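These notes are about the structure you will find just below.
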Amino acid sequence: MNQLSEFGLGNALQSKSSIHSVGIVGCGSVGQELTLLIAKSGIEVVFVDVSDERVKEIEICLSHRLDDEINHWGMTSSEKRLVLSRIKGTADYNGLSDCDIVIEAISSRKRGTMIEVRQDLFRQIESVVKEDTIISSQLSTLIISDLANSLKKPERAIGIHFIDPIAKTQIVEVGRGQNSSDYAFKQISRLCNMLKRTVVAVNESPGNISTRMIIPFINDACELLSEGVASIEDIDLTMKEASGHHIGPFELADRMGLDKVLKYMDNLYSEFAERKYKPSPIIKKLVRANYLGRSTGKGFYKYENGKVVGNTIRFVID
């Protein structure tokens, strides 16, 4: 008996279910967070974006994100080099050919689910990957079955939702589609375990658990604000104290991005036609003014250097 077999290492190295490489298609803010999370966990990452120029921009952004961690004593320079050595960017989908799992993570400020675009991406991914590669999508208000139908092997598709902030949130929602195989679920669960994340299995539904709970939370806060019940700050403070949440509804909306919140509201309202998902006029007004939250320096709150310095909606007590 050789030494590898004696210690059970030979089988581990030869296992078909081992995850050595993960592909990320669409490397905007979410894709970059996923890329770094996976690479920090010791897994090779290949990200695909629209052009070589865009790939270079993303590589610079990834480097800057890690520099920020170094500046806050969260990483050393040698650890940064090791993480970046696991990441390869390309504009060619053939770069995904050896990936064990591919996650579509495109982002857009356009309203709607972009289902046709995502279906086309799924077909492009399937045309270059291995027979047993799992194809997933970072889904907030779409269901994986709508994308899996575009594949020759729909059983390889499964939904996943890393909840913002991705680097800190310890759970991942995994939504099985109508045709998702047990192997697909086991592989995506294995990836989550390697990332030290707990899997929350959900029956596929637009919004999963988190988004369907968060959107009414924000909408109810907007209704209180529009009725003049209390100020932005006091509504946030009350909800943090009363519910035990570490963040209030308006703080949460600003962190998520009000354009993203509005998109989620539109999609859920279109799906369920329930009033609790109907976009608040306050959210619409702020988005039209490009008050999108922390990303633009103004949302419900005003920000300077990342710190709250006031709010954008005046509250007056009669």
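The values are calculated or read from the model by the stated rules, or taken from the named source; none is laboratory data. All of these numbers come straight from a predicted model, not from anything done at the bench. Heads up, the Cβs are rebuilt from the backbone with ideal geometry, glycines too, and the neighbour counts pull from every protein chain shown.
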Query raised in the report: When segment 36-59 is examined, which residues are found to be on the phi < 0 side of the Ramachandran plot and outside any helix (DSSP H, G or I)?
Result: 41, 43, 44, 45, 46, 47, 48, 49, 50, 51
Query raised in the report: Quick one: in segment 289-302, which of the residues that are free of Cβ contacts under 8 Å to residues at least 24 places away in the same chain and touching a strand residue (DSSP E or B) at 6+ places or on another chain (Cβ under 9 Å) is surrounded by the fewest Cβ atoms within 10 Å (Cβ to Cβ)?
Result: 290
Query raised in the report: Under 6 Å by Cβ, and 6 or more places apart or on different chains, what pairs join a residue from segment 259-288 that is closer than 14 Å to residue 212 by Cβ and without any contact (Cβ under 8 Å) to a residue 24 or more places away in the chain with one that is part of a helix (DSSP H, G or I) and not β-branched (Val, Ile, Thr)?
Result: 269/277
Query raised in the report: Within segment 172-183, is there a residue that is in the same structural domain as residue 107 (by TED's automatic domain parsing), surrounded by fewer than 19 Cβ atoms within 10 Å (Cβ to Cβ), closer than 20 Å to residue 105 by Cβ and small (Gly, Ala, Ser)?
Result: no
Report task. For segment 143-157, name all the residues that are part of a helix (DSSP H, G or I) and either basic (Lys, Arg) or more than 16 Å from residue 120 (Cβ to Cβ) (or both). Result -> 145, 155, 156
Requested in this report: Go through segment 68-142 and tell me which strands (runs of 3 or more DSSP E), entirely inside it, have 2 or more residues that are of a type in the set (A, V, I, L, M) and under 24 Å from residue 192 (Cβ atoms).
Outcome: 101-104, 134-138
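Kindly provide the set of residues from segment 216-233 that are in a helix (DSSP H, G or I) and either crowded, with 22+ Cβ neighbours inside 10 Å or in contact (Cβ under 8 Å) with a residue 60 or more places away in the chain (or both), ordered by number. Break it down into steps so the answer makes sense when it comes.
Going residue by residue through segment 216-233, those that are in a helix (DSSP H, G or I) are 216-226, 232-233.
Of everything in segment 216-233, those that are in a helix (DSSP H, G or I) and either crowded, with 22+ Cβ neighbours inside 10 Å or in contact (Cβ under 8 Å) with a residue 60 or more places away in the chain (or both) turn out to be 216, 218, 219, 221, 222, 225, 232, 233.
Please verify whether residue 193 is outside any loop (DSSP other than H, G, I, E, B) and modelled with pLDDT of 95 or more, treating the condition exactly as stated.
Against the criterion (outside any loop (DSSP other than H, G, I, E, B) and modelled with pLDDT of 95 or more), residue 193 qualifies.
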Report task. Could you tell me which numbered condition residue 211 fails, if it satisfies all but one of (1) touching a residue at least 60 places away in the same chain (Cβ under 8 Å); (2) in a helix (DSSP H, G or I); (3) surrounded by fewer than 19 Cβ atoms within 10 Å (Cβ to Cβ); (4) not aliphatic (A, V, I, L, M)? Result -> (3)
Query raised in the report: Would segment 70-83 turn up any residue that is surrounded by 14 or more Cβ atoms within 10 Å (Cβ to Cβ), assigned by TED's automatic domain parsing to the domain that holds residue 199 and either touching a residue at least 40 places away in the same chain (Cβ under 8 Å) or under 20 Å from residue 181 (Cβ atoms) (or both)?
Result: yes
Query raised in the report: Would you call residue 273 modelled with pLDDT of 95 or more, surrounded by fewer than 16 Cβ atoms within 10 Å (Cβ to Cβ) and on the phi > 0 side of the Ramachandran plot?
Result: yes
Query raised in the report: What pairs can you find where one residue is in segment 27-42 and more than 13 Å from residue 61 (Cα to Cα), the other is hydrophobic (A, V, I, L, M, F, W, C) and part of a helix (DSSP H, G or I), and their Cβ atoms are less than 6 Å apart, with a gap of 6+ or different chains?
Result: 39/83; 40/83; 41/194
